[in-house]
Amino acid sequence: MTEPEQQEQDVAEAGVGAPADASASAPAPAAVEPPPPELGVVRDVQLRLTVEVGATTMAVGQVMELEPGAVVELDRDVGDPADLLVNGKKIGRAEVTVEDERLAIRVIDLVSDDTTGS
């Protein structure tokens, strides 16, 4: 390979001087940044992950009257996503699924601190 051909290959591999196209002008997907090094010590701390499929409010008397076979209507429709909670704080939504004959979840989205509403 001649020197000019090698330079062209080096430029092409580095992406310098590459022709502009629609994909080049599109914003790159946001990369997930690793946590700061000072948070490394808490990576092994156990958190409670809970999936809430629905809720309801009942009077104490109604709860006391519950018996096996009782049906309690919840505040969600069939197919609605469940809330994903960590230590009681909503962090996202998920759909309930089955994996290897066990209940599992598929995360739909995660929420930031300013959108949790708590």
Subject >> Rounded to the nearest 20 debye, dipole of segment 35-118 from Cβ charges on Lys, Arg, Asp, Glu >> reply: 280
**OP:** Give the long-range amide H neighbours of residue 92: residues separated by 5 or more places, or on another chain, with amide H under 5 Å away, using H modelled in the peptide plane at 1.01 Å from N.
**Re:** 84, 111
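No lab work stands behind these numbers, since they all come straight from the coordinates. In this text the structure is predicted, and so the values were computed from the model without any measurement. Cβ coordinates were reconstructed from backbone atoms using ideal geometry, including for glycine residues, and neighbour counts include every protein chain displayed.
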